[in-house]
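The values are calculated or read from the model by the stated rules, or taken from the named source; none is laboratory data. The model shown is predicted, which means the values in this text are computed figures rather than measured ones. No Cβ is skipped: glycine too gets one built from the backbone with ideal geometry, and neighbour counts run over all protein chains shown.
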Amino acid sequence: MMKSLGRKGKKSSRRQNAAESPAPAPAAAAPPAAPAPVAADPNTAAAADLAAKKKASRQSLSITSSAKQKIANSMEDVAGAAHSRHSGPPANQNTLAQLGSPPSALRELPALRDAPPNKREELFKLKLQLCGVIFSFDDPTSDKRGKDMKRQTLLELVDYVNTPAGQKIFTESVMSDLIAMVSANVCRALPPATDDFDPEEDEPVLEPAWPHLQVAYEFFLRFIVSSEVNAKAAKKYVDQRFCLQLVELFDSEDPRERDYLKTILHRIYGKFMSHRSFIRRAISNVFYRFVYETERHNGIGELLEILGSIINGFAIPLKKEHLQFLVRALIPLHKPKCVGLYHQQLSYCIIQYVEKDADTATPILNGFFKCWPWSCSGKQVLFLNELEEILELLGAEQLNQISKTLFTNLARCLDSDHFQVVERALFLWNNEHLVNSGCLSRLNAQTVLPIIYGPLYKNSSGHWNATVEGLAQNVLKMYMEYDLVLYDQCTTAYFREEEEAKKKIQAIADRWQAIEEMAATNRSQRMIAAA
């Protein structure tokens, strides 16, 4: 039937021919019993033996010829189906009829390993075209034969390109069919997310077409990483539009698909240098839409993992484009409520920037404290973890620019009502690098202690959590040993401020008392006047 599909001028008679095809003929009757053998002379027996050998030789040649004919017929059949597919309706919907290859017309192609070397590339293309047929997985029981045939063909392609001979097949002549097959399977519209979906609580919705998608991704990954693929030739097919479609697919709820996309996009970034700037812009646009519009995206963590490797390869000094990406795309990612889902990857990217250029610590910390989640204790602990890593890389010059903002916000954390936030902030003084040569060292005591003394003293004298109380006492003792005069000055200033605060509170209370008395007097006078 697939041969008839490929013949020009006979499309209108396909269904009629299929309907009018004759019924299969009945089985032939069994051959009659052979007569009993008769005696033969030696010359006659030798002649019969020679004739039998010639007949066997002719049969062997006939089998070889029939195998070759089978390959040719299969290739002709699929070529006909491919012609019908390209001349039919557009293949933008997931239906077999539109692709011109209904399950009943699909026929198995011979194995690539069994095909003659001069026919393998053509057979490879036909298998790619067969794998471009899209099946609907809405009904798991439909088209089982076609789905299984396509999966087996995809697996065969993956297995073949893993061989040295298979690697040689990645020539420019097959790239168009290869990318067309991958695009047909992978590049699709994702289903809309439900309004009540919570990525922190709910299980992700897995992709039903994963049996085909997985092998298609694996095959494309082998193509991208192959040393036989000429990047200059391949970039005409793996173009910016294709890269943009891959970036958009990171919103898939299936973590298995996002993992493949992460690996593939990273490999594309490394192989095609001309696409690098475009890929970074595409990722930053995803971040802008996520931060300022939707606050919903499933692949932020995976995109940040790719960026972590990309940032690690930035040249020093950093380009203006890279600094703008930090300020406009990365730092605002601390704002969304779901920052806990990707904070580890985000923190890694931020640290990479500070390691590359210590001057980036100033804009990072300024933006960092603007996004500080004061109302969520769990996120504050995450931010304090990131803050500690940044402070370890902070130089004296950067500290002078940010010291007041830094220690004011640190004192606010020490004054938190949640003991875990206070405890995590106090653990900063257990970091030997920060205490010995960093921002919490003896050299910076004159700046640090006057700002944080008040919260430290309150936590050290009667906090309900014993761990917090002990840590606060240890920090105060350390600063007392650093500079006793400074410690006494801070103590005196603290109690003086406390007295002034008490006086202000008392003055306010006295004022309210006077107002209440005046109100009571006026009320009494009105009652007397009314009487």
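A few notes on this one:
- Answer from Glu397, Glu423 - the residue that is of a type outside the set (Lys, Arg), closer than 20 Å to Thr360 by Cα and under 43 Å from the mean Cα position of the chain (by Cα): Glu397
- Test for Leu178: is it out of contact with any Leu (no Cβ under 8 Å at 6 or more places or on another chain), surrounded by 13 or more Cβ atoms within 10 Å (Cβ to Cβ) and not in a loop (DSSP other than H, G, I, E, B): no
- Qualifying residue in the range 452-471 (condition: within 20 Å of Ile390 (Cα to Cα) and either buried (at least 19 other Cβ atoms within 10 Å of the Cβ) or in contact with a Cys (Cβ under 9 Å, 6 or more places away or on another chain) (or both)): yes
- The one condition in (1) at pLDDT below 95; (2) surrounded by 15 or more Cβ atoms within 10 Å (Cβ to Cβ) that Lys232 fails to fulfil: (2)
Conditions (1) of a type in the set (Asp, Glu); (2) in a loop (DSSP other than H, G, I, E, B); (3) in the same structural domain as Glu305 (by TED's automatic domain parsing), marked per residue:
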{"residue": "Ser173", "(1), (2), (3)": "no, no, no"}
{"residue": "Thr194", "(1), (2), (3)": "no, yes, no"}
{"residue": "Val215", "(1), (2), (3)": "no, no, no"}
{"residue": "Thr263", "(1), (2), (3)": "no, no, yes"}
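- Test: residue in the range 463-486 that is free of Cβ contacts under 8 Å to residues at least 40 places away in the same chain, over 24 Å from Asp415 (Cα atoms) and aromatic (Phe, Trp, Tyr): no
- Residue in the range 500-513 that is assigned to a helix (DSSP H, G or I), in the same structural domain as His418 (by TED's automatic domain parsing), over 21 Å from Phe407 (Cα atoms) and of a type in the set (Gly, Ala, Ser) present: no
- Glu228 vs. criteria touching a residue at least 40 places away in the same chain (Cβ under 8 Å), assigned by TED's automatic domain parsing to the domain that holds Phe314 and outside any helix (DSSP H, G or I): no
- For Gln245, the stated conditions hold: it is polar (S, T, N, Q), in a helix (DSSP H, G or I), in contact with a Cys (Cβ under 9 Å, 6 or more places away or on another chain) and surrounded by fewer than 20 Cβ atoms within 10 Å (Cβ to Cβ).
- Qualifying residue in the range 473-481 (condition: over 46 Å from the mean Cα position of the chain (by Cα), assigned to a helix (DSSP H, G or I), farther than 16 Å from Phe427 by Cα and of a type outside the set (Gly, Ala, Ser)): yes
- Residues in the range 193-234 that are among the charged types (D, E, K, R) and closer than 14 Å to Phe170 by Cβ: Arg222, Glu228, Lys232.
- Any chance Glu295 is under 14 Å from the mean Cα position of the chain (by Cα) and acidic (Asp, Glu): no
- Test: residue in the range 152-159 that is part of a helix (DSSP H, G or I), surrounded by fewer than 13 Cβ atoms within 10 Å (Cβ to Cβ), more than 19 Å from the chain's Cα centre (by Cα) and polar (S, T, N, Q): yes
- Complete set of residues in the range 309-361 that are surrounded by fewer than 17 Cβ atoms within 10 Å (Cβ to Cβ) and polar (S, T, N, Q): Ser309, Asn312, Gln324, Gln344
Results for (1) touching a residue at least 40 places away in the same chain (Cβ under 8 Å); (2) under 20 Å from Arg289 (Cα atoms); (3) not assigned by TED's automatic domain parsing to the domain that holds Tyr269, shown as yes or no for each residue.
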{"position": "His212", "(1), (2), (3)": "yes, no, yes"}
{"position": "Leu221", "(1), (2), (3)": "yes, no, yes"}
{"position": "Lys232", "(1), (2), (3)": "no, no, yes"}
{"position": "Gln245", "(1), (2), (3)": "yes, yes, no"}
{"position": "Asp254", "(1), (2), (3)": "yes, no, no"}
{"position": "Arg258", "(1), (2), (3)": "yes, yes, no"}
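- Of residues in the range 408-449 being outside any helix (DSSP H, G or I) and among the hydroxyl-bearing types (Ser, Thr, Tyr), the one surrounded by the fewest Cβ atoms within 10 Å (Cβ to Cβ): Ser437
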